[in-house]
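Derivation of every value follows stated rules applied to the coordinates shown; laboratory data play no part. Predicted, not measured: the structure shown is a model, and the values here were computed from it. Please note: Cβ atoms are built from the backbone with ideal geometry, for glycine as well, and neighbour counts cover all protein chains shown.
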Amino acid sequence: MAPNRLEQFADGIFVISATLLVLNFAVPAINDASNEALAQALIAQWPKLLAFLLSFFIIVNYWRLHSAMLHEVRVLDHKTILLNTAFLVVAAFIPYATNVAGTYPTLPAAAVLYSIVLLAGAILGFFMSRHLIESGAYVDEPPAQARLTYRRIRFSLYIRVVGLICAFFLPIVSYLIYWVMIVYFLSFSAIEDSAA
């Protein structure tokens, strides 16, 4: 399989997964059709909005890292395709975990589910990135961008383990950890990109 075919398929999964996140919102049903009642019902959805935004940015980051992993790949072997498929299964499951987390943000079970999904993505991304580097999949030596992506994924793996532990006892703290991590990856990591 040509690398661009796999990347196009993955792009489709990321786009669909990000789009499905908005289905977590329902138009509020209010008994009193007044502006105040509707405003209160909309404001009550703020946990779902925060969950939506966090997951949307996480999916964007998955897409970015996935693209960086496959940049300059010349050949895909069976193991890469299997790891990629498992990674995309996790990406496709994010909307469900987001819905649970947005509906029950303070319950540990919701935070644990969300954290397990994110940790699974990090684990699969880690193994896929490492396999691409070690298997000689790149045109030349693994490019600096591939090595940087591997380090980022490895770092996110550790952070997501901490997030999972927090989810059992302090669900809100686990979400805050993921917010800090995604702000770093989408903002400050641009400095590392230019250095690579």
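A few notes on this one:
- Projected label distance in nm at ILE165 and SER67, using a 7 Å step from Cα toward the beta-carbon: 3.5
- Loop-located trypsin sites (Lys or Arg not before Pro) in segment 1-78, at most 15 other Cβ atoms within 10 Å (DSSP): ARG74
- With a simple spin-label model that places each label point 7 Å from the Cα along the Cα-to-Cβ direction, the separation between ILE172 and ALA109 comes to 2.1 nm.
- 5 angstrom amide H check on TYR138, placed H, neighbours 5+ away: ARG74
- The chain - convex hull of the alpha-carbon atoms, volume per residue in Å³: 117
- Relative contact order, whole percent, for the chain stands at 25, derived from Cα pairs under 8 Å and 6 or more residues apart.
- The calculated FRET efficiency for the pair PHE25 and LEU157, based on their C-beta separation and a Förster distance of 22 Å, comes to about 0.10.
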